[in-house]
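Here the structure is laid out as structure tokens; the discussion comes afterwards.
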Amino acid sequence: MIIAIDGPAASGKGTLARRLAAYYKLNHLDTGLTYRAVAAALLAKGLPLGDEGVAIDVARNLDLAKMDKSALAAHEIGEAASRVAVLGGLREELVRLQQSFGNKAPGAVLDGRDIGTVVCPDAKVKLFVTATSEARAKRRTNEMLSKGQEAEFESVLDDLKRRDARDSSRSVAPMKQADDAHLLDTTEMDIETAFQAAVDIIDRAL
Ligand code: C5P
């Protein structure tokens, strides 16, 4: 069984995906980490983010079990990830990796931008998780402040909008709600309410 979760940055999809995987006893893959890992490797080598040959090479040697979420969380890595994510050949490589993860028993929750449209078009249930850009920027700002990082609402909002625009306008696998995905708008929801709403949708679809 595959549950596909897509949506923009800071929509709550990552937390939801993790909790849903625990609840339904499925594996979980945050596919954003695969793009972040490739971007981080290019940055570390001092190579341009458009170097698709090296990017593909890094992707081929990527060990999903060894990706370190905390080392890849930085804002600059997210920004760089969205730049490498426009490379079609790299995406093919990462999609293959993500699909083989999803095909392992007992199934998985995958979250990202193109899970319902490209990676797992036959997923049992698809959710598109969204919230207004203001709500998402507020959450992201609070999250950064609570970690002791500097954050300013207006600049977080600008960054989110720029990244969303790049992710939804690229020609390969743009961020998009799949035709058969359920829309979950979490603007007015806390994480517990969003989780319950997601479980209701999924249970009805199973
Ligand atoms: O979700 P996260 O912020 O970690 O994703 C980082 C970037 O990776 C996104 O902005 C997007 O450009 C890219 N991405 C993607 N397809 C996915 C997951 C992430 O293009 N399935």
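If you take the charge dipole of the chain about its Cα centre, with +1 on Lys and Arg Cβ and -1 on Asp and Glu Cβ, which of 202, 173, 21 is farthest toward its positive end? The listed residue farthest towards the positive side: 21.
Computed per residue of the chain from DSSP H runs no shorter than four, each worth -39500 (n - 2.57), the mean residue ellipticity at 222 nm is -16500 deg cm²/dmol.
Here the spin labels are modelled as points 7 Å beyond Cα on the Cα-Cβ line, and at residue 66 and residue 105 they lie 2.8 nm apart. The residue 171 and residue 192 beta-carbon pair, evaluated with R₀ = 41 Å, returns a calculated FRET efficiency of approximately 0.60.
Rounded to the nearest 20 debye, the dipole size of the chain about its Cα centre is 440 debye, using +1 on the Cβ of Lys and Arg and -1 on the Cβ of Asp and Glu.
Computed log10 I(q)/I(0) for the chain at 0.07, 0.18, 0.19 Å⁻¹: -0.19, -1.37, -1.51, from the Debye equation with unit scatterers placed on every C-alpha and solvent omitted.
Annotated for segment 6-131: lysine pairs at least 8 residues apart or interchain, Cα distance under 30 Å, count 21. For segment 2-205, what is the relative contact order in percent, using Cα pairs closer than 8 Å and at least 6 residues apart in sequence? Normalised by residue count, the contact order of segment 2-205 is 34 percent.
Near residue 165, once Lys and Arg are set to +1 and Asp and Glu to -1 for all other residues with Cβ below 15 Å from its Cβ, the sum equals +4. Compared with the direct C-alpha span, the chain from residue 134 to residue 51 gains 26.5 nm at full extension, assuming 0.36 nm per residue.
Here, each number is a calculation from the coordinates, and none is a lab measurement. All figures in this text were calculated on a predicted structure; none of them were measured in a lab. Heads up, the Cβs are rebuilt from the backbone with ideal geometry, glycines too, and the neighbour counts pull from every protein chain shown.
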